[in-house]
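Below you'll find the structure, written out as structure tokens, and then a few comments.
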Amino acid sequence: AYVKGQVRIHRSGKTEGGVGLIRLNRPKALNALCDDLFKDLVHAGQALDSDDDIGCLVLTGSTKAFAAGADISEMKDRTFDHAYKTNMFAWWGQFTKLSKPVIAAVNGFCLGGGCEVAMMCDIVIAGEKARFGQPEINLGVIPGGGGTQRLIRAIGKSKAMYMCLTGDMMGAEDMERAGLVAKIFPPDDLVDEAVKMGTKIASKGRISVMMCKEAINVSQEVSLEEGLRFERRMFHALFATADQKEGMEAFLEKREPNFTHK
Ligand code: CO8
């Protein structure tokens, strides 16, 4: 494990099936996302994404907070002029451009920009006591990193409106029922379970994993017809890979596949 700025990076697994774990590490401010922390997060994500030994990423915070939102003290005195001209927070979207899957492992508070970052990940799993919310309305603003757009796709209009308009928090169980959270674990087991899930994903053929993420994300952007066409083309392309031959041969020979990620 090594510390880089305000994130801690751990790598598990020595060869290609490895998982890269990024832990937000700004405990004094409940991992409030200041610009520097987000820069460190994006850099860590990009470094692990381009590392051949890593097949899946996990993003987590502390037991008390995944992240309590964008840093309010850093934002407070900003002006419209500055926010608009610099397209404030637009670059945070770089975290969604990673090509390997990212699992958000959420314990504790997951609020505002923190909830938005969890939704930028591909799978969200949560500790039983996790609390999700979009409390920006209490600060006289609205979500600025996907809270009005990704949340509605994840949990539907009525629940998204409820969360964004009241600022009320929802617990892990409610969010699992609503569809944002894939699985819930005891808080102390959460990160181990995330790494276990990441290891399973990393053990699959790398190209099929990356294409699967790309195809599912395309569904958020295009019509069904276009999405189906994209999926089919990706599916066709996988017949050019060694892993497709190996995966199907292994099935027919009743053995585990030995993927080479080619
Ligand atoms: N920004 C700055 N500092 C924070 C933040 C934050 N978002 N959240 C907590 N802190 C600080 C507190 O100021 C406090 O600092 P200090 O000890 O120096 O006084 C420390 O963290 C501990 O916090 P509390 O004492 O408040 O801890 P509690 O356990 O009493 O309460 C809460 C925990 C409920 C999480 C509370 O801290 C809270 O309500 N935090 C603010 C939550 C919030 O409003 N978040 C939304 C922020 S706006 C936003 O995220 C806009 C997103 C923009 C786009 C992002 C693109 C991805």
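The values are calculated or read from the model by the stated rules, or taken from the named source; none is laboratory data. As the structure is a prediction and not an experimental result, all values here were calculated from the model. In this analysis, Cβ positions are derived from the backbone assuming ideal geometry, glycine residues included, and neighbour counts consider all displayed protein chains. Please note that ligands, DNA and RNA were not included when accessible areas were found on the heavy atoms of the full protein model with its side chains. Shrake-Rupley method; radii C 1.70, N 1.55, O 1.52, S 1.80 Å.
The share of C-alpha pairs in the chain whose separation exceeds 25 Å stands at 47 percent. Note on ASP53: accessible area is roughly 60 Å² with a 1.4 Å probe, heavy atoms of protein only. Its alpha carbons considered, the stretch 42-110 gives a radius of gyration followed by a Dmax of 15.0, 44 Å. Accessible surface computed residue by residue for the stretch 203-262, with neighbouring protein chains in place and a 1.4 Å probe, gives 74 Å² per residue.
For GLU173, neighbours were defined as the other residues whose beta-carbon sits under 12 Å from its Cβ, and their charges (Lys and Arg +1, Asp and Glu -1) total +1.
Taking each residue as 0.36 nm, the span from ASN217 to ILE72 lengthens on full extension beyond its C-alpha to C-alpha distance by 49.2 nm. Computed FRET efficiency, Cβ-Cβ of MET88 and ARG153, R0 30 Å: what is it to the nearest 0.05? That gives a FRET efficiency of 0.85. Amide H contacts of ALA70 (H built 1.01 Å from N, in plane; Pro and chain starts excluded): LEU33, GLY113, GLY114 sit under 5 Å, all sequence-distant by 5 or more or on other chains.
Within the same chain, lysines fewer than 8 places from LYS76 are excluded, and of the rest, those with a Cα less than 25 Å from its Cα are LYS28, LYS39, LYS64, LYS85.
Antiparallel beta bridges, as assigned by DSSP with both residues in the chain, represent about 30 percent of the total such bridges. To the nearest ten degrees, helix 190-202 and the longest principal axis of the Cα atoms of the chain are 40 degrees apart. Surface listing: MET119, MET175 arranged by accessible area from highest to lowest gives MET119, MET175, probe 1.4 Å. Residue by residue, the stretch 65-78 carries 3J(HN,Hα) couplings of 8, 5, 6, 8, x, 5, 6, 5, 5, 6, 8, 3, 8, 5 Hz when phi is fed to the Karplus relation 6.51 cos²θ - 1.76 cosθ + 1.60 (θ = phi - 60°); x denotes Gly or Pro.
Relative to the longest principal axis of the chain, what angle (0 to 90°, nearest 10) does the C-alpha long axis of helix 157-166 take? Tilt of helix 157-166: around 30 degrees. Computed over protein heavy atoms with a 1.4 Å probe, the carbon and sulfur contribution to the accessible area of the chain reaches 55%. Between 0 and 90 degrees, the angle of helix 242-252 with respect to the longest Cα principal axis of the chain falls at about 70 degrees. In straight-distance terms, cross-link reach from LYS157 covers every one of the lysines whose alpha-carbon lies under 27 Å from its own, apart from those fewer than eight places away in the same chain; here that gives LYS97, LYS129, LYS183, LYS213.
Ordered by solvent-accessible area of protein heavy atoms (1.4 Å probe), largest first, the residues VAL191, VAL58 come out as VAL191, VAL58.
When the surface is traced with a 1.4 Å probe over the full set of protein chains, CYS34 keeps roughly 10 Å² accessible. Shape call for the stretch 138-228 from the C-alpha gyration tensor, a ≥ b ≥ c root eigenvalues: rounded (a/c under 1.5), prolate (a/b greater than b/c) or oblate? Here the stretch 138-228 falls in the oblate category. For the residues MET170, MET75, a 1.4 Å probe over the protein chains yields an accessible-area ranking, largest first, of MET75, MET170.
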